[in-house]
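Take a look at the structure set out below.
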Ligand SMILES: [Zn+2]
Ligand SMILES: [Zn+2]
């Protein structure tokens, strides 16, 4: 590859702009987003039509704070859903999930998650422009259901989470 080609490839990767389908804003596919004094680099997955669903600004606005440590949880971050002993004592920004029992969205930092086996979902864009919990069975839940120990290679990988849930489903169906 000569330099000229390298430059063209670079432009294709980073210069291309999209009109985000769900919010209608003009956006690049990758860039930095900012929320709660933290920056994070993001590359948005493209949807079926080959464009982005949301712009980087809207993705940034969907950031929430961990119920336990207050650190930001960005879109596509893995999350825990622990049940608090005293829900009323949690900070106001804590995001609740479920009613009975109430669990709250927490981050996967070592100080907040007991183990990567507690990864219970991902923080994902909802159609209403707010983030939402995309639930996946945690490695711990899969272990309880199948009786098989689970190895987590990458706790932040949605692909791996979905694949191991599918394997567990097939195993349980065959059993
Ligand atoms: Zn937008
Ligand atoms: Zn946390």
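The values are calculated or read from the model by the stated rules, or taken from the named source; none is laboratory data. Worth saying up front: this structure is predicted, and the values here are computed from it rather than measured. FYI the Cβ positions are ideal-geometry reconstructions off the backbone, even for glycines, and counts take in every protein chain you see.
Considering 40, 132, which residue is within 20 Å of residue 159 (Cβ to Cβ), within 16 Å of ligand 2 (Cβ to nearest atom) and either modelled with pLDDT of 90 or more or in contact with a strand residue (DSSP E or B) (Cβ under 9 Å, 6 or more places away or on another chain) (or both)? Explain how you work it out, then say what you get.
Values: 132 fails: within 16 Å of ligand 2 (Cβ to nearest atom).
Answer to the check: 40.
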Could you tell me which of the residues 45, 78 is within 30 Å of residue 114 (Cβ to Cβ) and within 16 Å of ligand 2 (Cβ to nearest atom)? 78
Condition first: within 16 Å of ligand 2 (Cβ to nearest atom), within 14 Å of the chain's Cα centre (by Cα), buried (at least 20 other Cβ atoms within 10 Å of the Cβ) and assigned to a loop (DSSP other than H, G, I, E, B). Now tell me which residues in the range 49-69 satisfy that. 66
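Does residue 45 meet the test of being closer than 25 Å to residue 121 by Cα and modelled with pLDDT of 85 or more?
Details: closer than 25 Å to residue 121 by Cα: yes; modelled with pLDDT of 85 or more: no.
Against the criterion (closer than 25 Å to residue 121 by Cα and modelled with pLDDT of 85 or more), residue 45 does not qualify.
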Matching residues, the range 21-35, being part of a loop (DSSP other than H, G, I, E, B) and touching a residue at least 12 places away in the same chain (Cβ under 8 Å): 21, 22, 23, 25, 29
Mind counting the residues in the range 36-45 that are in a loop (DSSP other than H, G, I, E, B) and either in contact with a helix residue (DSSP H, G or I) (Cβ under 9 Å, 6 or more places away or on another chain) or surrounded by fewer than 13 Cβ atoms within 10 Å (Cβ to Cβ) (or both)? 3
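Which of the residues that make up the range 131-150 are over 29 Å from residue 23 (Cα atoms), in contact (Cβ under 8 Å) with a residue 12 or more places away in the chain and assigned to a loop (DSSP other than H, G, I, E, B)?
Going residue by residue through the range 131-150, those that are over 29 Å from residue 23 (Cα atoms) are 137-150.
From what is left, the residues that are in contact (Cβ under 8 Å) with a residue 12 or more places away in the chain are 137-143, 145-146, 148, 150.
Within the range 131-150, 137, 138, 148, 150 meet the criteria.
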Check on residue 18, loosely packed, with under 14 Cβ neighbours inside 10 Å and not in a loop (DSSP other than H, G, I, E, B): no
The lone exception for residue 128 - which of (1) surrounded by 14 or more Cβ atoms within 10 Å (Cβ to Cβ); (2) in a loop (DSSP other than H, G, I, E, B); (3) over 12 Å from the mean Cα position of the chain (by Cα) it fails: (1)
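Considering only residues that are within 19 Å of the chain's Cα centre (by Cα), part of a loop (DSSP other than H, G, I, E, B) and surrounded by 12 or more Cβ atoms within 10 Å (Cβ to Cβ), which ones fall in the range 81-108?
At the first step, the residues of the range 81-108 found to be within 19 Å of the chain's Cα centre (by Cα) are 81-82, 93-98, 103-108.
Keeping just the survivors that are part of a loop (DSSP other than H, G, I, E, B) gives 93-95, 98, 107-108.
Within the range 81-108, 94, 95, 98, 107, 108 qualify.
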Total residues in the range 53-82, condition modelled with pLDDT under 95 and either touching a helix residue (DSSP H, G or I) at 6+ places or on another chain (Cβ under 6 Å) or farther than 30 Å from residue 21 by Cβ (or both): 1
